[in-house]
1. For labels at ASP244 and LEU342 in the simple 7 Å Cα→Cβ model, what's the distance in nm?
2. Starting from the residue with the highest accessible area, list LYS146, LYS341, LYS122, LYS172 in decreasing order, probe 1.4 Å.
3. Please build a GNM for the chain, connecting alpha carbons under 10 Å apart, and tell me which residue among LEU107, LEU232, LEU293 fluctuates the most.
4. Run the helix sum for the chain: -39,500 (n - 2.57) per DSSP H stretch of 4+ residues, divided by residue count, reported at 222 nm to the nearest 500 deg cm²/dmol.
5. What accessible area per residue, rounded to a whole number of Å², is obtained for region 5-77 using a probe radius of 1.4 Å?
6. If ligands, DNA and RNA are left out, what is the accessible area of GLU346 with a 1.4 Å probe, given in Å² to the nearest 10?
7. Evaluate 2.2 N^0.38 Å with N set to the residue count of the chain, then give the Cα radius of gyration divided by it.
8. On average, how much accessible surface per residue is there in region 270-347, in Å², for a 1.4 Å probe, leaving out ligands, DNA and RNA?
Amino acid sequence: MSAQPCDLPARPEMLRAVLDRDGSCDGLFYFAVTTTGIFCRPSCPSRRPRPEHMEFYPTPGEALFAGFRPCARCRPLDPQTGAPDWARGLIERVEADPTRRVTDGDLRRDGIDPTAARRYFKREFGMTFQAYTRARRLGSAFAAIKAGGSLDDASLDHDWESPSGFREAFRKAVGAPPGAARSAECIRLAWIDTPLGPMAAGATEKALCLLEFTDRRMLEAQLDDLRRRFGLPLLPAESPLLADLRGQLAEYFASRRRQFDVPLTCPGTEFQMRVWAALQRIPYGETWSYAELARAVGRPTAVRAVGNANGLNRIAILIPCHRVIQADGGLGGYGGGLWRKLRLLETEGAA
Ligand SMILES: [Zn+2]
């Protein structure tokens, strides 16, 4: 089997999309051709192989690791087209007015299949499109109430069916009535497009607590862990800190930034926190072996435990766990996929 079926549309649906060169399925899956060893986006203009020579993968990373090369025509790794146009347009539409509801009917009128939207958001953002816009409206209402707005205004301004429906949705998401928002704190979640794919970022009022590539199967579990660990609701919302981070990441990927200037919070066991602090001492453009990292935390024999703590890092790139490689120069592991680790090290001139 090429991948877990739950990550992919049904096979007949994928075959249909590939034969139709259906661009609305770009980003939902990739097809690989066993006879040529190449993988493509569904919309690729290339000739189609026989169905029995096709394999399907949910992400480019998985196709690469199954041994396929990216197609030179549709360039499935090309950073400019990381998110398909329709999904990018949809995200822009929500961000242009986060207070508005977007129904399945609205999607269809825009030529977007609601099932495709649901599946794409579920995979990239860990929630369906409808759950995303609902949560985004709640996050925006949360901010409005916190800034001193009235509950009824918040419910009306955010396109809720009724004030009682709003109160109920709010209570369910936040675990407290809307009035509590005035004093309450939440973790704001935002998605940041990068040349290596979208990342989920989470921040409290004061510090960044999550930065992770979103096609990780672990993302949903990680969001749950975050909710429990901080005892705070997660709501899609923007904040000045997240805007700073977005700008700094863009500079980093353009090789114009070597250090980040965003406050971090990463609670863990005492040992984990020592490992994460040590990671931040590895200079840009350099790599350490797991043994060097173990020595740096004063536990030279605990190479395996150090590796585990490295893998549990919640703040990718800023806590540079990608700078730890094997003593023989092998890449070792990376939760975001080895191809990303390699590209990060290339960006830093360390590969
Ligand atoms: Zn192609």
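The values are calculated or read from the model by the stated rules, or taken from the named source; none is laboratory data. Fair warning: this is a prediction, and the values are worked out from it, not measured in the lab. Cβ placement follows ideal geometry from the backbone for every residue including glycine, while neighbour counts extend to all protein chains displayed. Areas reflect the complete protein model, heavy atoms only, side chains present, ligands, DNA and RNA absent. Shrake-Rupley method; radii C 1.70, N 1.55, O 1.52, S 1.80 Å.
1. Reported label-point gap for ASP244 and LEU342 is 3.5 nm.
2. Working: LYS146 65, LYS341 0, LYS122 90, LYS172 155 Å².
So the residues, ranked largest to smallest area, are LYS172, LYS122, LYS146, LYS341.
3. For the chain, modelled as a Gaussian network with Cα springs under 10 Å, the answer is LEU107.
4. Values: 14 runs with 144 residues, N = 351.
Calculated mean residue ellipticity at 222 nm is -12000 deg cm²/dmol.
5. Values: 3440 Å² over 73 residues.
With the other protein chains kept in place, region 5-77 gives 47 Å² per residue.
6. Spelled out: GLU346, probe radius 1.4 Å, area about 100 Å².
7. Details: Rg = 21.5 Å, N = 351, 2.2 N^0.38 = 20.4 Å.
In units of the globular-protein estimate, the chain measures up at 1.06.
8. On the way: 3350 Å² over 78 residues.
Heavy-atom SASA per residue in region 270-347 reads 43 Å².
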